[in-house]
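The values are calculated or read from the model by the stated rules, or taken from the named source; none is laboratory data. Note that the coordinates shown come from a computational prediction; the quantities given were computed from them, not determined experimentally. Note that we place each Cβ from the backbone using ideal geometry, even for glycine, and neighbour counts take in every protein chain shown.
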Amino acid sequence: MMEDTLSRFGEQFDWQPAVEYSEALSAYKHYIVCGMGGSHLGAWLIKRYGQSGHGTTSNIFIHRDYGLPELPAGAMEDTLVILSSYSGTTEEVLDSARVALEKGLPMAAISTGGKLIEFAREQAIPHIVIPDTGLAPRMAVGFSMIGLARLMGQTELENAIRIAGKAVDPMAGREEGKRLADILLARIPLIYSSGANIPLAYMWKIKFNETAKIPAFCNALPEMCHNELCGFDTVESTESISERMVAVFLTDENDHERNQTRMQVAGEILAEHRIPVERVVLRGEGFEKVFASALLADWVTLELARSYGVPNAETPLIADFKKRIGQ
């Protein structure tokens with residue numbers, strides 16, 4: 001099932017979203033995208049990788065909490081609050097909607113349905129309904145990114161996302177994914193990237209957590225070299241803690257040359273302390289780099305899920321958590 005989903009990745013980029021109540025939209029200088037987990041990932045990827053002449057993306061603020069962010073004086077002027085919840089039931093996003101409504105701020109929404117779309121229709125708020133194809137949010141970044149670009153009215157950005165998504169061969173990372181999965185089996189992945197590529201490292205972490213159902217962690221260089229590296233300076237009594245870990249470095253020839261050196265040296269030090277090290281080369285530019293990396297992570301985690309006997313790509317613990325807090 002998931003393998004078939006990966007093979008049809010490019011189909012997401014054929015989608016033409018319809019904006020209901022589009023007449024209430026106008027041009028804005030700033031955007032606050034409220035979302036959690038995979039529902040904010042598309043906005044983060046646009047903010048980081050959409051700055052190569054594809055429209056304005058540096059003025060996107062990502063909010064992953066209740067309410068709305070505290071921004072500098074005047075920053076809320078000419079700002080559109082975009083409510084992003086793939087399921088339409090995310091408690092934090094619905095709370096952001098409530099606060100934005102109380103403050104009289106312009107809003108838009110994107111979701112597959114649920115309470116968020118009900119709210120948008122009740123309040124005549126511009127919104128996009130994502131096709132409910134059964135994809136998990138982490139697998140639907142194409143839908144999310146296209147929808148966000150449409151709500152922001154950035155045609156050039158939307159076209160760039162479509163072109164990149166169609167250009168990437170979804171099957172290209174299959175064999176490399178199997179190879180990495182064999183190395184990662186029975187280990188805890190630690191995904192490291194430059195600060196510039198931390199959205200990709202985070203995306204890998206999400207896929208390990210939700211697809212393979214294993215713990216995984218990510219961090220960025222150079223920060224990692226100033227603290228986390230010390231955690232591997234083991235003594236005999238702590239070796240058993242780190243011996244099940246493996247470091248995966250997402251390397252990029254476009255990274256700052258000192259960060260490239262840091263990755264090399266940090267990897268050497270980890271290897272000397274018996275931490276296996278794998279280096280994954282990020283290929284392509286802009287959104288092509290994003291989608292190629294996402295698909296490789298999918299192939300890795302799919303193979304791990306098979307090896308572990310994970311029954312499906314659902315996230316029952318998250319559903320159980322939401323039930324327990326009364327969401």
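In the range 164-181, how many are part of a helix (DSSP H, G or I) and either aromatic (F, W, Y) or in contact (Cβ under 8 Å) with a residue 24 or more places away in the chain (or both)? Within the range 164-181, residues that are part of a helix (DSSP H, G or I) and either aromatic (F, W, Y) or in contact (Cβ under 8 Å) with a residue 24 or more places away in the chain (or both) number 10.
If you take the residues in the range 205-258 that are basic (K, R) and at pLDDT 95 or above, which one is farthest from A140 (Cα to Cα)? Taking the candidates together, the pick is R258.
Each row is one residue, and each column tells you yes or no for (1) hydroxyl-bearing (S, T, Y); (2) part of a strand (DSSP E or B); (3) under 20 Å from I62 (Cβ atoms); (4) not assigned by TED's automatic domain parsing to the domain that holds T79.
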| position | (1), (2), (3), (4) |
| --- | --- |
| D95 | no, no, yes, no |
| A108 | no, yes, yes, no |
| L116 | no, no, yes, no |
| F119 | no, no, no, no |
| D132 | no, no, no, no |
| L135 | no, no, no, no |
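Touching a residue at least 40 places away in the same chain (Cβ under 8 Å), assigned to a helix (DSSP H, G or I) and farther than 21 Å from I161 by Cβ: is that true of E303 in this structure? For E303, the condition - touching a residue at least 40 places away in the same chain (Cβ under 8 Å), assigned to a helix (DSSP H, G or I) and farther than 21 Å from I161 by Cβ - is met. Among the numbered criteria (1) in contact with a Phe, Trp or Tyr (Cβ under 8 Å, 6 or more places away or on another chain); (2) in contact (Cβ under 8 Å) with a residue 60 or more places away in the chain; (3) acidic (D, E), which one does D78 miss? D78 satisfies all of (1) in contact with a Phe, Trp or Tyr (Cβ under 8 Å, 6 or more places away or on another chain); (2) in contact (Cβ under 8 Å) with a residue 60 or more places away in the chain; (3) acidic (D, E) except (2). Counting the residues of the range 263-288 that are surrounded by 21 or more Cβ atoms within 10 Å (Cβ to Cβ) and within 15 Å of M203 (Cα to Cα) gives 2. Return a yes/no flag: does the range 98-106 have any residue that is more than 27 Å from W204 (Cβ to Cβ) and in contact with a Cys (Cβ under 9 Å, 6 or more places away or on another chain). Yes.
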